[in-house]
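Contents: one structure, followed by commentary.
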Amino acid sequence: MALFPMRSLIIFLMSITGFFWLASVPTTLMVQAVLALFLIGLMLAAYLGSRRLPKNHPIEPWLKLTVMLTSVFLGWHYLYWRATETLPIGFGLVSMLAGLLLFLVEVYGFITLMYGHFINISPLERRPVPLPVDTSLWPTVDIFIPTYNEDILVIRPTVIAATQMRYAPGKFKVWILDDGGTVQKCTDPNPEKAAAAQARQAELKALAAAFGAGYLTREKNLHAKAGNLNSALSYTHADLVAILDCDHIPTDDFLLNTTGAFLAEAKLFLLQTPHNFISADPVEKNLNIYGKIPSENELFYRVMQPGLDFWHTSFFCGSAAVLRRSVLNELGGIAGQTITEDAETTLDALSLGYTTAYLNIPMVSGLQPETYSGLVIQRVRWGQGMLQIFILKNPWAQPHLAFVQRLLYTNFTIYWGFALARLALMLAPPAYLIFGLDLADTDGQQLLAYSIPYLIASLIVTQYYYRDVRWPFISQIYETIQSFYVTQGIYKVLRKPRSPSFQVTPKGEQLNSEFVSSLSWPFYLLLGLNVLSLGFVAYRLTDPQWQVGAIAFVGTWAVLDLFFLLAALGIMLERPQRRTEPRVPVREPVVISLNGAELNGVAVDASRAGLGIMISLANGQIAAKLGDELTLLWPRQGIEIQAVVRTLRPRDKTHSYLGVEYRLASSDDERFSVAFAFGNSSQLEANNRARYGGRSIISGLFFLMKLALRYGIAHLISLLKQQTGRFYRWFIYSF
Amino acid sequence: MFNCLNERGTCFARLALSLFLAMPVLAMAGPQPITQSDALSPALSTVSGEQITLAHLLGNQTPITLSGGDAQTVFTLPIAQLVQVVSANLTMALVPSSGLNTDSWLTVRINGLTVGQINLAQARLEGHAFSLAIPVTALKRGYNTVQLLAAQHSLTLCAPPLSPELFTQIDTQNSFFNLSTTPINPDLTLAQLGELFDPSSDAKQAQVPVFVSNPNEAEQATTLAYAAQGIARRFNYLPVNFSLRPLDKAGVPPLAQASQPLPTAALLIGSYTELAPYLAGLNLSDTQTPRLIVRRFDAAPARYLVILVANTVAAQQQLALRFALTELSLPATHSLSLDSLTVSGAPNPPPPRQNNGFQFRDLGVVSTTLSGVDAPSLDMQVWNAGWKQKAQVRLHLAYSAGMSAQSALNVWINGVLHGSIPLNLPQGGEYADFAVTLPTTLLTAGWNKIRLQPVLIPVTNGGECKPFFPGNLSVSVFDDSKFIWMGNGSEEYVRDLAIFSGFNGMKWVSGWLDGLNIQLSDANADLLSAAMTLTGKLSQTAHLPLIKLNVGTEQPKNTWPTILISTLDALNAENKHRFGLSPEGVMSRLQNNTPGQISLLNLDGTPHLNNWVESKSAFDLKNLTFAAVAEDTAQPEYLFAASTPATLQTGIARAVGFGVWSQLTGTMAYWPYEGKPVISIGRTQEPFRNYGLQRGLSIWIAQNPWYGLLIVLITGIITALVIRWGITVYRRRHHG
């Protein structure tokens, strides 16, 4: 795909080359300070200006370019200075290698900065393509809900919601693809396992039958999820295939919003929509910040996917997407060479000349992994899969891909280098402070003049693009907790690219009590090194041979790492999780008939199994107790459902919160409860937006410190108790 | 005086020579043209008086402050070798502190001998100027060490020795030595040539006439260059101007210096036949062997001849080279014949390089011990030809026991304190390799001063009435300490005129000790004189003889570095372009650079230099002497040029003088006659010419930071426009 005429391309390249060449011109310290101050000031003005302008203001692209070009200038200038003046050549082999590694990490950081700019330069905000009035022209859709070992209660609302989507009747069919009830499973030599598989199969068949869905399984569990989907493809025939993970409850307008695009564009292979989560991930749960900060996935789905869409490089994320069957047939089904079959399939389709699209409307409600181990499994799989794609299906060798697409597929792989980079950055301060390695041949003044402006610029860029969807320093916490294990996973793939196997991300796990994750141990080592290096700061400051400026700089870095590590450990202290049916915020008036009284309330949160209601009465004024039966009436919809009181507590002096569990009398009741909680995409959008809203960098730093100190120390105390208890038991049993 | 009846030919020669020799060699002012006068110098018995201020001896006008209970200062009083001191006294303008009591004394010692004491309390009461008669026996010819020692007290008992009220200040401008001297004319031998070429005189420049049979003969150029080194190295640091004259030229009468007739010396080079008149009376039996002779010239008392006589040019050259090797001692005879004269080799090879660095001894620093409470600093300077270089100093030092833990050796870079090395072990200590990194922020392009400042504090017993020993305060810095450049650029030493004055620090890099060509545009007495003056100065700066030397008018056939001495007209178009002296370029360079530097010099608003610039006299090529560096590495790499040979000779004579030589930096320097400044175009003043586009732009932005910002802004705007245009085109094509 030729992007530009040759002459235009030459002008473009010359301009960019000139810009980078100018950024490579060495400067004196004074000039660097003046330049940095000026450019940071310009960046800040552009950033603050953009925040005050209305969305889509004509000047906004120029402000974005200002932020972009100033950060690139400062970053390139910094890297050039590092490469030409500070590499520790001649300080010994170990210092040289460590210094070069640190420099490579910084180069990596600059590359990701550049990719960030490239992706976010012009996000595409699509709107749903309306379907024709004549429903006979609507495409048929098979909705696949693959499942393996998830709890039935997780699958149930997904199936129910999928079967009641608003679409032309007879034009869609929901299929439960049961990989937990395959013939292989049901005839497992272990009778207990076989019985469990058979029971599960029966349950899912009943579920399908109850709500008009289809049930499919297969002979053997080959190629995991990809194999499951491909098996289903052979039994179904619709024009389009919608894939929903078993915990991704769709809204009722999912098909209406997505299928029209396939009629409008013949070459469209995929329309992806955001993965929207209604439960806390382990970071949010264990740090008790769920609902207080934007969800982690928002950065990718809300901000980056539209950017990728501009460059025709949105990719299939495994669920909440619609695919064209004819292309799947042409590809021979979902790809199975790697464990991220979704991105791999997209690459294959792009190589055939098809396109992808992204619709930035949240239309599924899904569950996050609930434990740190579940998160690690998920992320390691993603990282390994992306690396496998690069190694086994080199995007630079695929036909029909545009240069930009190849570049961005490379980015999908490079992104996972963050794990190694984060580890290296955590090991750098101890290397310098404890072992005296010279990582950079520079002094405090120069560090101040060159690296601080680049650091500030990077923070401003992050705030500019992601302020609403990611608070400062939260990304670093996520990177820290993934660093060790993703690095480990990447190493395994590099050794044996075909070896990693698909591991299902556990969902709906029950956590009955608090415990320290067994995966914490590498972070104890890192924390120990970090604390020791902080101790060495004090020692080094007394040694006249050492540069105070550099020690202060690295010491500050070590303090920041300390907070990241403590926050990471806070995440690895697993909190109890007692609720498996997630609730979502809603806002709907309801009437409660309770013990002869009629109370007007507002439903504030809902799940498939229950409702939370705010009543404008003080707690003492409500004549009810736990276990009381009541009737709920939704006046707007005209629906009545029986329920029982499970929670009654004051919210404030004039309001009370009533939590009820439904007594679902029929499948209609259950359909309504699912539709009410999860069926409205506008409600999902509003719920997400309610969590948007950024923090300043300083405020974000204080937030990080608070989390680190509170939950990190709690982890260490819990660990101490655990180890003390073990020692005590060992001591008692031994003696 | 002369018996001209029988020896007519030699008579005239001797007459001419004696008349010519009677002019003063050791001039009080700068180079003087030889002028007519009509009287010989007065008799030697005339006593001349001289007043030498302490400011002159110390080289600055800063008062001397003697602080503390036991303070001293030391300086040197030079007395010319060929004079006899008749009387001497020292007048001192003192301001003792009002806190000093009657036990406070100032002792004056000369060469270790106490010559007088002044009671400081009484001095304060009686006024500020004191005169001490100095016994002439305390003084010696050459360098005299003068110590002023102050024992100062404010209390009878228990005065803390570092109390602030214990001070005496000496006004160096109004403190002076009065010396009455009379010249002497001993019968010097070859071993005493150092007395003849005496650096301890008070002159600013020595004038040495050189006589040869044909001063326009190119063949003898290398011989003359060696001979110039022999004289210049004996003059040590005193600049020497050589003037080449024919043996048979009718000279001019000597310059009348009625009050101060001074010894003079001249150099004669030639064959036995050519120099026969000047060898008369020596009774030389052998007129074949090359010979080095010194003799008093009886025709003019206190006039001396140094004669290099050999019958072939090659032998004269070898003889002159032997004369240049001042390390080889000469006997206490008037004549030395040298049968076997092959001298070859080079100075000791340079010490091995380490990581693009060199040892302090390469910078001319010798192992030094700095002692006392007010220990002096050790200064050195290093040339930085690179842009944004950094360096490391690795010090080898040792310090004595018994010093306070607060003692330290401070490292200053260009006047900025950069580091402090603790000297705090009570038992003394040693640092074998203490590394101090000098960042690019502190190092500038060009000369950089590194100062090692000792702060040596005695261990006190604390408080009054507790005696302590302020002695044994010493730190030694060894000359195997290293200076290491980190990064590029040190190979560019040779690409700057600063190599001339910094040769001592750059000699191992320049390659000049491996061989040097001095190419003359013409075999002309003035140009040959200029070559001699230049070579003499180079050997003085190097503290080493330039043995592998080729001086002449022919194009060198080797690849040694080449200095071209030429008139402007004799330069071909290519060389004019290479040295930036092309007609179309030179005026713009002068006009671009001169006003800027004049305005820097004229901070006090002295108008005459501005007028000189505005009158365009500053750009009159006829008056200017140029020194320049070629843009490329082809030969010749260096140039001295002027409009005429005479101007060039005068110009080089000025260039080698005090204060001028070190101003030759950058890619071009030019200067007119005395009284007007030397303008150097530093490398960073023409950044694009000297450093290429990227580094040139870097330097230009450093000099013009706001313009640099503007360039960044404009480039950013253009890039933003291009990117925006590209995105718009892409969006239209792919998303409608």
message = Taking a ≥ b ≥ c as the square roots of the Cα gyration tensor eigenvalues, with a/c under 1.5 meaning rounded and otherwise prolate when a/b beats b/c, else oblate, which class fits region A:175-256?
response = prolate
note = For chain A, the Cα convex hull volume per residue in Å³ comes to 212 Å³
inquiry  = Just to confirm a number: summing +1 for Lys and Arg and -1 for Asp and Glu over residues other than A:R470 whose beta-carbon lies under 9 angstrom from that of A:R470, what do you get?
reply    = -2
inquiry  = For a test of the definition: using alpha carbon positions, the gyration tensor, and the 1.5 limit on a/c, classify region A:16-59 as rounded, prolate or oblate.
reply    = oblate
query = For B:S87, A:S520, what ranking results if the residue with the fewest other Cβ atoms within 10 Å of its Cβ goes first?
reply = B:S87, A:S520
remark   = Mean other chain Cβ within 10 Å across A:120-128 is 2
ask   = Alpha carbon centre of region A:685-720 versus region A:15-73: separation in Å?
value = 30 Å
inquiry  = How charged is the neighbourhood of A:S533? Take every other residue with its Cβ under 13 Å from the Cβ of A:S533, and add Lys/Arg as +1 and Asp/Glu as -1.
reply    = 0
query = Helix A:224-233: angle to the longest alpha-carbon principal axis of chain A, degrees 0 to 90, nearest 10?
reply = 50 degrees
message = A 23 angstrom limit on the alpha carbon distance is what I want to check against. Which of A:K173/A:K225; A:K55/A:K285; A:K225/A:K285; B:K482/B:K537; A:K285/A:K625; A:K193/A:K220 exceed it?
response = A:K55/A:K285; A:K225/A:K285; B:K482/B:K537; A:K285/A:K625
inquiry  = What lysines does A:K496 reach when the alpha-carbon gap must be under 18 Å and sequence neighbours fewer than 8 apart in one chain are set aside?
reply    = A:K393
note = Neighbours of B:G716 by Cβ distance under 14 Å: Lys/Arg at +1, Asp/Glu at -1, summed charge +2
request  = Working from Cα positions, state the angle (0 to 90°, nearest 10) between the long axis of helix A:474-495 and the longest principal axis of chain A.
outcome  = 90 degrees
inquiry  = Taking the Kirkwood radius as the inverse of the mean 1/r across Cα pairs, report the Rg/Rh of region B:48-183.
reply    = 1.00
inquiry  = Suppose we keep just the DSSP beta bridges with both residues in the protein assembly as shown; what percent of those would be antiparallel, to 5?
reply    = 75 percent
request  = Measure nothing fancy, just the Cα-based angle from helix A:191-211's long axis to the longest principal axis of chain A, in degrees from 0 to 90, nearest 10.
outcome  = 70 degrees
ask   = Between A:G333, A:L719, A:L611, whose Cα lies farthest towards the positive end of the dipole of chain A when Lys and Arg beta carbons carry +1 and Asp and Glu beta carbons carry -1, centred on the Cα centre?
value = A:L719
key: Inter-chain shielding of B:115-122 (mean C-beta neighbours from other protein chains, 10 Å cut-off)   = 0
ask   = By a straight-distance test (C-alpha under 14 Å), which aspartates and glutamates pair with B:K622 as possible cross-link partners, with residues fewer than eight away in the same chain excluded?
value = B:D569
ask   = Rounded, prolate or oblate: which one fits region A:189-319, using the alpha carbon gyration tensor with axes a ≥ b ≥ c (rounded when a/c is under 1.5, else prolate when a/b beats b/c, else oblate)?
value = oblate
request  = State, to one decimal in nm², a quarter of the convex hull surface area for the C-alpha atoms of the protein assembly as shown, i.e. the direction-averaged projected area.
outcome  = 77.2 nm²
note = Each residue of A:38-46 has, on average, a number of other protein chain C-beta atoms within 10 Å of its C-beta equal to 1
request  = Report ³J(HN,Hα) in whole Hz for each residue of region A:147-162, in order, from the Karplus equation J = 6.51 cos²θ - 1.76 cosθ + 1.60 where θ = phi - 60°; Gly and Pro get x.
outcome  = 9, 10, 9, 6, 4, 4, 5, 6, 6, 3, x, 5, 4, 4, 5, 5
request  = Excluding residues fewer than 8 places away in the same chain, name every one of the aspartates and glutamates whose C-alpha is closer than 13 Å to that of A:K171.
outcome  = A:D134, A:D142, A:D239
key: Footprinting exposure proxy for A:W521, B:W447 (fewest neighbouring C-beta atoms within 10 Å first)   = A:W521, B:W447
query = Which loop-located chymotrypsin sites (Phe, Trp or Tyr not before Pro) does region A:256-332 contain, where loop means any DSSP state but H, G, I, E or B and the Cβ has at most 12 other Cβ atoms within 10 Å?
reply = none
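No value in this document is a laboratory result; all are computed from the given coordinates. Here the structure is a predicted model, which means the values were calculated and not measured. Methodologically, a virtual Cβ is constructed for each residue, glycine included, from the backbone with ideal geometry; neighbour enumeration extends over all protein chains shown.
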